[in-house]
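Everything on this sheet refers to the single structure shown next.
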Amino acid sequence: MTELKKPEPLKGVKGMNDLLPAEAARWEWLEGVFRRLLASYGYRNMRAPIVEPTALFVRGIGEVTDIVEKEMYTFTDRLNGDELALRPEFTAGLLRAVIEHNALYDGPMRIWSMGPVFRHERPQKGRYRQFHQLDVEALGFHGPDVDAEIILMTRALLRQLGLQEGSDIQLELNSLGQPAERAAHRQALIAHLQQHEALLDEDARRRLHTNPLRVLDTKNPAMQACVDAAPKLMDFLGSESRAHLDGVCAVLDAAGLAYRINPRLVRGLDYYNLTVFEWVTPHLGSQATVCGGGRYDDLIAQLGGKPAPGIGFGLGIERLLLLLEALGKLPPAPAVDAYAVLPDGAPLAAVLPLLEQVRATGLSVQMHAGGGSMKSQFKRAGASGARWALVFGADELARGELALKNLQEGSQQPLPLAELPAWAAAEAAR
């Protein structure tokens with residue numbers, strides 16, 4: 001008889017990671033911090049599909065950006081031939097939805113979203129093919145006040161997570177001005193780069209005439225002297241653009257938020273104008289940017305909507321968690337409040353309704369299942385992190401009580417079954 005060959009187990013896609021319960025608990029904690037803080041600033045949740053028309057990102061992000069040229073996951077819908085893409089960032093999809101549903105009809109919006117985004121990059125620590133972002137957008141607001149508020153909101157978030165400005169994370173700020181100012185700077189920048197073309201790498205030569213501003217963002221050490229000597233966009237800003245940046249800085253100064261003006265900060269997307277910012281850290285090597293964003297006053301019109309300004313930011317969740325872990329600022333793993341120990345033969349019909357009453361008070365209880373010795377059950381109770389063990393032994397039940405054991409102190413006392421819900425309510429209120 002031919003022996004059946006055991007099938008090989010399938011593995012996940014490279015760069016797209018599983019989150020097992022212990023790690024997912026950290027994500028839930030962090031997401032809870034996000035939600036509470038955003039609500040305190042008046043931001044409301046909005047959700048858009050993961051899959052969008054490819055043309056949306058080509059038009060919104062820019063045809064000659066790395067994302068569109070090399071990193072987007074695109075495919076042809078085999079049922080109708082549509083060209084589709086997995087979202088590589090949030091803003092374009094959210095704005096598509098705002099335009100399609102005329103959501104700005106009743107006035108400006110403060111919105112946020114959270115979830116996976118996709119880019120085909122070489123996977124490494126802090127950079128994955130499926131990663132997750134918190135995305136925040138303020139739509140319909142002119143002037144530097146909302147720019148400053150959003151930056152202060154990112155500071156409040158990072159502070160709530162225990163990160164210290166200066167040592168753990170730093171704010172960098174720049175202005176990209178307006179299109180006419182960028183056009184004048186572009187001409188001067190191209191002329192400068194052409195004079196030093198022999199020093200440019202392949203990427204820089206490719207971008208020289210299509211997206212020269214991105215050349216300034218190079219990480220190539222051999223090009224740093226050339227880039228440092230290049231014309232600065234700041235020198236081409238008009239009075240209105242300078243006044244906008246000064247207005248942002250004045251609020252940050254008044255709020256005591258230290259920052260560095262970085263004239264080489266351009267961000268990786270084409271749609272930004274005026275204010276751009278990044279929070280960077282020295283603790284994650286080359287993956288230094290944890291949070292970044294800026295103003296995009298022309299993007300809604302560019303995507304076919306009625307002209308309206310906007311500003312927003314994206315925050316990488318995996319990268320932020322790596323930073324918190326590196327600095328020892330992650331909370332301990334969550335634990336249940338109590339663990340129910342059930343010896344073999346325990347009358348489940350009597351015990352399980354009692355556990356439901358305990359949970360109804362707000363106390364969490366993990367019930368042992370599958371049998372096992374008392375020793376093994378107490379071992380699992382300890383591993384659960386619970387403070388209390390609720391022991392429903394045969395002798396205790398015969399007396400109409402249970403044994404209440406404090407797993408942290410080792411003490412134990414009897415408790416009448418009828419008093420268990422009241423004890424649980426008092427414990428939940430602590």
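No lab work stands behind these numbers, since they all come straight from the coordinates. Remember, it's a predicted structure, so these values are computed and weren't measured experimentally. A quick note on method: Cβ atoms are made from the backbone with ideal geometry, for glycine too, and the neighbour counts reach across all protein chains shown.
Give the percent of DSSP beta bridges with both residues in the chain that are antiparallel, rounded to the nearest 5.
Of all bridge pairs located within the chain, approximately 80 percent are antiparallel.
Which order, highest average first, do 242-248, 292-298, 333-339 follow once you tally other Cβ atoms within 10 Å for each residue and take the mean per peptide?
Ranking the peptides 242-248, 292-298, 333-339 by packing returns 292-298, 333-339, 242-248.
Which Rg and Dmax, in Å, describe the Cα atoms of the chain?
Radius of gyration, then largest Cα-Cα span, for the chain: 28.0, 93 Å.
Determine the shape class of the stretch 338-428: with a ≥ b ≥ c the square roots of the Cα gyration tensor eigenvalues, call it rounded for a/c under 1.5, and otherwise prolate if a/b is greater than b/c, oblate otherwise. Can you show the working numbers first?
Values: a/c = 1.34, a/b = 1.08, b/c = 1.24.
Rounded is the answer for the stretch 338-428, as its axis ratio a/c remains below 1.5.
Just to be sure I follow the rule: in the chain, considering lysines 8 or more places apart or on different chains, how many pairs have Cα atoms under 30 Å apart?
Close lysine pairs found across the chain: 18.
Could you give the length gained by full extension between His283 and Val33, i.e. 0.36 nm per residue of separation minus their alpha carbon distance, to one decimal place?
Extra length available between His283 and Val33 comes to 87.8 nm.
How would you rank Glu69, Glu278, going from fewest to most other Cβ atoms within 10 Å of each one's own Cβ?
Ascending Cβ contact count within 10 Å gives the list Glu69, Glu278.
Ranked highest first by the average count of other Cβ atoms within 10 Å around their residues, in what order do 249-255, 315-321 fall?
Most protected by this proxy first, the peptides run 315-321, 249-255.
Dipole size in debye (nearest 20) for the chain around its Cα centre, Lys and Arg Cβ +1, Asp and Glu Cβ -1? Walk me through the numbers before you get to the answer.
Working: 46 positive and 52 negative charges, 136 e Å.
Charge dipole of the chain: 660 debye, to the nearest 20.
Return Cys226, Cys291 ranked ascending by Cβ neighbour count within 10 Å, so the fewest neighbours appear first.
By the 10 Å Cβ count, ascending: Cys226, Cys291.
If one computes the Cα centroid of the stretch 215-292 and of the stretch 321-345, what distance in Å separates the two points?
40
If you build a Gaussian network model of the chain, linking Cα atoms that sit under 10 Å apart, which residue out of Glu197, Glu23, Glu419 swings the most?
Result: Glu419 has the largest fluctuation of those listed.
Once amide H atoms are placed 1.01 Å from N in the peptide plane, what residues at a sequence separation of 5 or more from Thr275, or on another chain, have their amide H within under 5 Å of its amide H?
Residues meeting the amide H criterion: Leu176, Arg295.
Among Tyr128, Tyr272, Tyr41, which comes first, second and so on when ranked by fewest other beta-carbon atoms within 10 Å?
The order, fewest Cβ neighbours first, is Tyr41, Tyr128, Tyr272.
Treat each spin label as a single point 7 Å out from the Cα along the C-beta direction, and report the Gln164 to Ala350 distance in nm.
The two pseudo-label positions are separated by 5.8 nm.
Show me, for the stretch 156-169, the HN-Hα J-couplings you get by feeding each phi into the Karplus relation (A = 6.51, B = -1.76, C = 1.60, θ = phi - 60°), rounded to Hz, glycine and proline as x.
4, 5, 5, 5, 4, 8, x, 7, 9, 5, x, 8, 8, 7
Using packing as a proxy for protection, rank 370-380, 200-210, 12-22 so that the peptide with the highest average count of other Cβ atoms within 10 Å comes first.
Taking the mean over residues of other Cβ atoms within 10 Å, the ranking is 200-210, 370-380, 12-22.
Evaluate the distance, in nm, between pseudo-label points positioned 7 Å from the Cα of Glu71 and of Ala25 along their respective Cα→Cβ axes.
3.3
Using helices alone, what [θ] at 222 nm do you get for the chain, with -39,500 (n - 2.57) per DSSP H run of 4 or more residues, divided over all residues and rounded to the nearest 500?
Helix contribution divided over all residues of the chain: -10500 deg cm²/dmol.
If contacts are Cα pairs under 8 angstrom and at least 6 residues apart, what is the relative contact order of the chain in percent? Kindly include the intermediate steps, with their values, before the conclusion.
Details: 681 pairs, mean separation 61.6, N = 430.
Averaging sequence separation for qualifying contacts and normalising by length gives 14 percent for the chain.
Assuming 0.36 nm per residue, please report the length gained on full extension of the stretch Asp217 to Leu79 beyond their Cα-Cα distance.
Details: separation 138, 0.36 × 138 = 49.68 nm, distance 4.05 nm.
In short, 45.6 nm is gained.
Between Rg and the Kirkwood Rh of the stretch 30-186, both from Cα atoms, what is the Rg to Rh ratio? Please list the in-between numbers first.
Working: Rg = 17.6 Å, Rh = 17.9 Å.
Reported Rg/Rh, Kirkwood definition of Rh: 0.98.
Quick one: putting +1 on the C-beta of Lys and Arg, -1 on the C-beta of Asp and Glu, what dipole do you get for the stretch 83-167 around its Cα centre, in Debye to the nearest 20?
Once rounded to the nearest 20, the dipole reads 580 debye.
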